[in-house]
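First up is the structure itself, then whatever we jot down about it.
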């Protein structure tokens, strides 16, 4: 009986430790922000505006993919502008044709068409669940992060589209923000610890029964 | 001998005579200033109007190849029936908040168009005379440049007589004597004249959205009849004074040479 109590106590402490440890909980959520570049390219096929490079030095991690995301961008006069992520800070068309750019699936549309607005996609994080990324795109974006330890972001529309992406607004930095929630095909650190604790608990119970 | 002395005036006496006239000149100047202050604002030579930017953008400009961004409707306070002479303009200048693409330079820099208030189809308005293109261009290079929403102010640009007439006609046709200003480009669409601008502030560690409202100012320069009258009047007075003094001085010199006055 004391063994059982000890095991339960151990398990409870372990779980408490996992829940209260932010480093473990944040292992699969990455976020970053930066001033927008605002440099645009128009190839005659599409118009792409480079937002900037985030997640410098972040590792991809094994067997992971981007599961869902939030994006905050500063933009004007946009309708269904696509958000791409991948590898390439110039010549979007070239990077796209080489399969280095992935459509996150997020579409940016301004609330009103007469101002430069901060747009939350898919919505306010306090009230809106994150945008679910398609599996191929999620794998591709994470693989790009794993390969380069960084991600480049672009906003893409039709050729000669009228949307504008500022780097500054009235002397203030126009920032963009990206948050990815990552899922994994292998047990996460938290799951591994939980499973280990559970296994230990079972072993201890078996041993205590044998002793009896 | 006594009568000769009375008739002679040295240059010093002429100067004193001029100083005696100062009071009269000052009175005249006051009269002119009073007149200047009583005339309409336009006669002062420089009128200005500041409005909130509109932010509307039309992508159907120039058969869909370019764009037209509405800056705002400017009201110079002419009232319902402005006098025709108050609607003559020779120069214009504009200040606005805008985001331009880097290729908006030289001939590709967008131009300012004045239009009748409430214009919806600028292409049509330019044909019917309800709008007029000016030579005022907003260039990406115009300080400050950059890929952002920045405040740009042009210099005073001359309006041709045709542009001036068209602008007068537009203002005169409007019941409230207002005029709309647009920023148009024949080829560029990525031009934004926003009504407001938002930006994300992370300085406190969490994102805060801050909003700034944008305004634009249009300055027009009219010919200055009052100033012209003042300067021409003073010019004539000076010439007359100089001429009188010179005549007197010459006359005295002759008298001195003739030995009529003591040296």
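Just so you know, all these numbers are worked out from the coordinates, no wet-lab data involved. If you're wondering where the values come from, they're calculated on a predicted model, not measured in any experiment. Backbone-built Cβ (ideal geometry, glycine too); neighbour counts: all protein chains shown.
Evaluate the distance, in nm, between pseudo-label points positioned 7 Å from the Cα of residue B:139 and of residue B:56 along their respective Cα→Cβ axes.
Once both label points are built, they end up 3.1 nm from each other.
Which of the peptides A:78-88, B:187-197 is most tightly packed, and how do the rest follow, judged by the mean count of other Cβ atoms within 10 Å per residue?
The densest-packed peptide leads the list: B:187-197, A:78-88.
Return the ratio Rg/(2.2 N^0.38 Å) for region B:46-223, where Rg is computed over Cα atoms only.
Normalised Rg, Cα atoms only: 1.06.
When only C-alpha pairs under 8 Å and at least 6 residues apart count, what is the relative contact order of region B:46-223, in percent?
41 percent
So how do A:133-143, A:172-182, A:55-65 stack up, highest first, on mean other-Cβ count within 10 Å?
Output ranking for A:133-143, A:172-182, A:55-65: A:172-182, A:133-143, A:55-65.
FRET efficiency for residue A:209 and residue B:210, Cβ-Cβ distance as r, R0 = 60 Å, nearest 0.05?
With R0 = 60 Å, the Cβ-Cβ based efficiency is 0.40.
If I take the Cα coordinates of region A:88-212 and project them onto the principal axes, what are the three extents in Å, biggest first?
Rounded to whole Å, the extents work out to 80, 36, 26 Å.
Please arrange B:122, A:194 by counting, for each residue, the other beta carbons lying within 10 Å of its beta carbon, fewest first.
A:194, B:122
Quantify how strongly other chains surround peptide B:201-211 by giving the mean number of their Cβ atoms within 10 Å of each of its Cβ atoms.
Neighbouring Cβ atoms belonging to other protein chains average 3 per residue here.
Taking the Cα-to-Cβ direction at residue B:245 and at residue A:45 and moving 7 Å from each Cα, how far apart do the two end points lie in nm?
About 8.2 nm, to one decimal.
Below 8 Å between Cα atoms, with a sequence gap of 6+, how large is the relative contact order for region A:27-187 in percent?
44 percent
What does the average come to when, for each residue of peptide A:62-74, you count the partner chain Cβ atoms lying within 10 Å of its Cβ?
1
Figure the gain on full extension for residue B:24 and residue B:255 (residue separation times 0.36 nm, minus the Cα-Cα span) and round it to one decimal in nm.
Extra length available between residue B:24 and residue B:255 comes to 80.2 nm.
Quick check on the exposure proxy: order B:247, B:255, B:116 from fewest to most C-beta atoms within 10 angstrom.
By the 10 Å Cβ count, ascending, the order reads B:247, B:255, B:116.
Over the whole of A:111-124, what's the average partner chain Cβ count within 10 Å per residue? Rounded to a whole number, please.
Counting other chains' Cβ atoms within 10 Å and averaging over A:111-124 gives 5.
Could you order peptides B:94-104, A:118-128, A:200-210 by the average number of other Cβ atoms within 10 Å of their residues, highest first?
B:94-104, A:118-128, A:200-210
Separation between the residue A:56 and residue A:124 pseudo-spin-labels, each 7 Å from Cα along Cα→Cβ, expressed in nm?
3.4 nm
Kirkwood Rh, Cα Rg: Rg to Rh for region A:72-158?
Taking Rg over the Kirkwood Rh, I get 0.99.
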